[in-house]
Amino acid sequence: MKKITSLLAAVTVAAGMSAQTQTFDINTSKVGGAIPSTMYGIFFEDINYAADGGLYGELVKNRSFEFPQHFMGWKAFGQFELMNDGPFNKNPHYVRLKNSGHNDKYTGLENEGFFGIGYQRGADYRFTVWARTPNGDDKVTLRVLFCDPSTMGERQQFSEGTLEISGKEWKKYEVVIKANQTVDKGSLRIMLARNSRTVDLEHISLFPVDVYKGDENGMRKDLAESLEQLKPGVFRFPGGCIVEGTDLATRYQWKNSVGPVENRPLNENRWHYTFDYRFFPDYYQSYGLGFYEYFRLSEQIGAEPLPVVSVGLSCEFQNGSERNDRHVPVDQLQPYIDDVLDLIEFANGDPAKNQWAKLRADMGHPAPFNLKYVAIGNEQWGPIYPENLKPFIEQVRAKYPEIKLIGSSGPNSEGGDFEYLWPEMRKLGVDLVDEHFYRNEEWFLKSGNRYDNYKRGKNEPKVFAGEYACHGRGKKWNHFNAALMEAAFMTDLERNADIVEMATYAPLFAHVDGWQWRPDAIWYDNLRKFNSCSYYVQQLYALNKGTNMLTLTMNGKPVAGNDDQNGLFASAVYDKDTDEVIIKVINTGDKPQPVTFNLKGMKKGAHQAQLITFHSDDINAENTLDEPTKIVPVKSSLTVTAPAQDITVPARTFYIYKIKK
Ligand code: AHR
């Protein structure tokens, strides 16, 4: 965040102050219920090349030659052959490279990466390959080249390493190569040395050495750091619709995503064909970023892991919501239920007592991951959902009563399916109900009171706003105004933190060359990234969530953009760790709004404060790769006077006041 220092006067806009002053009554003496630590979280789905080609550090596409078109992503040249009796039974294909048969001909392979391979000058890259010489030869030399296929320079290759392969046994070979140039759409070329003998290659991989936390099979550092900097309380994964699959065969199966990476079978990613107008036929899931890595990442960024699992229903958008043969009948659900029970063991179990817990330990994490939540089903609807969900709930509850279970209210924020599912979820006794809303500006502006009148009670499920974003009418990108709408709406989450236990903006990631869905929180190409305006709104809430609710009203009512409230939204919390009163005010209108803070219970006199301003003069503007910090929050210091302080909130602005009590 940029930091400036100014006095309160600097934030008082004199011009255009025709609007009537509104008084916010903030009761700082009556500290309310706790804000859940999970309140603001993140939702990860492998959409928009978020995993392979995004957060997952692997730079090679189709590294195991298992895509249905086995050489997709590769150019093979010279004398080569696709083989299928390799060392990894779930990924049996590999490539045999043979002598080209002529001194001036070459044999080899070239990988195009995901929209190219990004190389950063001076950075080290770890190339690994499983290899053997099938005839038992010694010292077959492989050249490993980093190339810029589109250069106008003399040489395409700008860095090179070599590997000597020996013997009939499959072994893993490694060479670290420094990139001598920065190239955003490079390639990886592997050439058999001249007059070479035959060599077999499998699981050809290239990672930056400098991945997040230096992990083996690690994450792209800059993207993982964006997650960490959001300070998320909860991490929902791995989707979204990919949990359900376009059909049952392509649903996300977590058991395929754990164990040695070389033997995790490929899955079709439903997002390669969901929209024919944004079609990516090379979009598959390597499962290199699998459930172990999701749990590890949750721990590293300090978020509660929240896996979503299949309820035995393939995506209802594609397969209908009536009972049919595309969904699993209730009496055949046991393998699906077992997947959930085993997942809880994988995360929390004792390695001495359970094979899945042992696998976790073998993968490097003997201690439990302390899983507390599981969501069963994503966006499901119709009677088939509660029918399928019931046996899951019964069996998980019986064995793991401590786990909180999350049910779905369907893909819509209101309407028939939503109205039907909430009572059904209540009957089944889920702990939280997952609500999704991708809605336009009007919806966000009129939904500021959404949770004020939700039922409360000991046995009442809590709310999980599991996917939401403002999809601007006619402008569905990450412009400032969409973020402002989200900021306004989030005052409602905060004011109702007694029943809203968690909320996760969606989706998280998008590659600029490979997106299917927008807006998204974080955008990137092969070397650069930017955080969207919506990202900053999420971060502002997460970093300023406080510890306890405070009441903030205007004429006795919540400030939620109602007719007489001039487009103002506001909420307040107290942070007992910093002894601060934190007031969030959003002016969604196009005029400055004078406001008086009536700080009931605050010691009379001047109080040190900080003001964070999030504003753009152009509401259609957004951050970009070329201007990643065009619109960012700005901090300033000031003093605030108790019991009453006049301020003016400029048009289209999100203000956060942090006042020392
Ligand atoms: O976030 C993209 C998709 O939106 C999710 O997969 C799905 O749950 C929702 O419909």
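No value in this document is a laboratory result; all are computed from the given coordinates. Because the structure is predicted, anything quoted here is derived from the model rather than measured. Virtual Cβ from ideal backbone geometry, glycine too; neighbours counted across all protein chains shown.
Data table
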item	result
Among the listed pairs Lys446/Lys661; Lys372/Lys576; Lys557/Lys658; Lys458/Lys661, those beyond 31 Å (Cα-Cα)	Lys446/Lys661; Lys458/Lys661
Asp85 paired with Lys446, simple spin-label distance in nm, labels 7 Å along Cα-to-beta-carbon	6.8 nm
Within region 74-208: Cβ-based charge dipole about Cα centre, in debye rounded to nearest 20 (Lys, Arg +1; Asp, Glu -1)	100 debye
Long-range HN-HN contacts of Tyr40 with modeled amide H, under 5 Å	Gly233, Ala503
Added length on full extension, which subtracts the Cα-Cα distance from 0.36 nm per residue, Lys390 to Glu627	80.3 nm
Alpha-carbon Rg/Rh ratio, for the chain, with Rh computed the Kirkwood way	1.02
Sum of -39500 (n - 2.57) over DSSP H runs of 4+, divided by residues of the chain (222 nm, nearest 500)	-5000 deg cm²/dmol
Residues Leu341, Leu550, Leu192 arranged by fewest to most Cβ contacts within 10 Å	Leu341, Leu550, Leu192
Mean projected area (nm²) of the alpha-carbon convex hull when region 570-659 is viewed from all directions	6.7 nm²
Two-site FRET efficiency, Asp331 against Arg426, from Cβ-Cβ distance with R₀ of 22 Å, rounded to 0.05	0.30
Gap separating the Cα centres of region 562-616 and region 501-523, nearest whole Å	29 Å
Total lysine pairs under 18 Å (Cα atoms) in region 74-208, excluding pairs fewer than 8 apart on one chain	10
Charge context of Phe71, other residues only, Cβ under 12 angstrom, K/R +1, D/E -1	-3
Computed lengthening from Arg397 to Asn620, 0.36 nm per intervening residue step minus Cα-Cα distance	75.5 nm
Protection proxy ranking of 504-513, 104-113, 406-415 - average other beta-carbon atoms within 10 Å, highest first	504-513, 406-415, 104-113
Built amide H within the under 5 Å cut-off of Gly472, gap 5+	Trp477
Chymotrypsin sites (Phe, Trp or Tyr not before Pro) lying in DSSP loop within region 258-311, provided at most 10 other Cβ fall within 10 Å	Tyr277
Among Thr504, Val632, Phe65 the positive-end extreme of the charge dipole of the chain (Cβ point charges)	Val632
Listed peptides 118-126, 349-357 by packing density, highest first (mean Cβ within 10 Å)	118-126, 349-357
Likely footprinting exposure, Leu188, Leu306, fewest C-beta neighbours within 10 Å first	Leu188, Leu306
Positive dipole terminus of the chain, leading residue within Ser187, Ile337, Gln610 (C-beta point charges)	Gln610
Integer Hz, Karplus 6.51/-1.76/1.60 couplings in order for region 114-128, x for Gly and Pro	9, 6, x, 10, x, 10, 10, 3, x, 8, 8, 10, 9, 9, 10
Residue order, fewest to most beta carbons within 10 Å, for Leu59, Leu145, Leu313	Leu145, Leu59, Leu313
Calculated from backbone phi, Karplus (6.51, -1.76, 1.60) coupling profile of region 359-376 in Hz, x at Gly/Pro	4, 4, 5, 4, 7, x, 9, x, 6, x, 8, 6, 5, 10, 10, 9, 9, 10
Potential extension, Glu154-Lys255 segment - 0.36 nm per residue separation minus Cα distance	31.6 nm
Nearest-0.05 FRET efficiency for Asp104 and Phe275, computed from C-beta distance (R0 51 Å)	0.65
Cα centre as origin, Lys/Arg/Asp/Glu Cβ charges: the chain dipole, Debye	1480 debye
